[in-house]
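> The structure under discussion is supplied below as structure tokens; questions concerning it will follow.
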Amino acid sequence: RALLQPAFDLHRLCQHTADFASALAVLHGERCFFPKLRDALGSGIAALADVASEVHRILLATVYRSMFSFWDESVDVLRHVDPIWTVAERAARVVDTWTVVRLRLQEFRDRSDAVHAEVAGMQSGWQGSHGAFS
């Protein structure tokens with residue numbers, strides 16, 4: 001049963017990252033999420049769904065013991081660790097998608113001042129000249 005802990009931790013970490021992205025979307029969504037960034041964030045959330053699906057399959061396996069053979073007398077090591085490795089693989093895909101998000105943010109930051117002027121043109125009374133909150 002100790003093998004399950006890394007899978008649960010990976011799922012929790014991925015979920016917290018998605019929660020953070022949701023909070024950013026609430027604060028900055030319409031003003032700051034340009035299409036490439038939205039696409040990258042959407043890929044991250046979709047990849048998280050795969051992690052959650054695998055973790056829920058493992059949770060079912062603890063209730064219905066025949067799914068992954070998590071009983072004490074089983075000696076089939078691959079059947080014990082394969083679901084955990086699948087969760088780790090899917091979590092790695094989530095991390096890859098968040099790398100793309102970071103690259104999109106860097107791309108936006110590295111653009112010319114014309115882009116900053118475009119963002120600044122949509123500013124409200126409590127934003128600085130580059131669109132950031134002051």
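Just so you know, all these numbers are worked out from the coordinates, no wet-lab data involved. Quick caveat, the model's predicted, so the values are computed rather than measured. Neighbour counts run over all protein chains shown; Cβ positions are idealised from the backbone, glycine included.
> Gain in length, Val63 to His16, computed as 0.36 nm per residue apart minus the alpha-carbon separation, to one decimal in nm?
Full extension from Val63 to His16 adds 14.3 nm.
> Also, quick follow-up: If you take the beta carbon distance between Ile45 and Arg109 as r and set R0 to 25 Å, what does 1/(1 + (r/R0)^6) give as a FRET efficiency, to the nearest 0.05?
The pair Ile45/Arg109 has a calculated efficiency of 0.65.
> Here is a further query. Quick check: net charge around Thr97, other residues with Cβ under 14 Å of its Cβ, Lys/Arg +1 and Asp/Glu -1?
With Lys, Arg at +1 and Asp, Glu at -1, the neighbours total +2.
> Related question: Report the net charge of residues surrounding Gln15, where surrounding means a beta-carbon distance below 15 angstrom and charges are Lys +1, Arg +1, Asp -1, Glu -1.
Around Gln15, the charge tally is -1.
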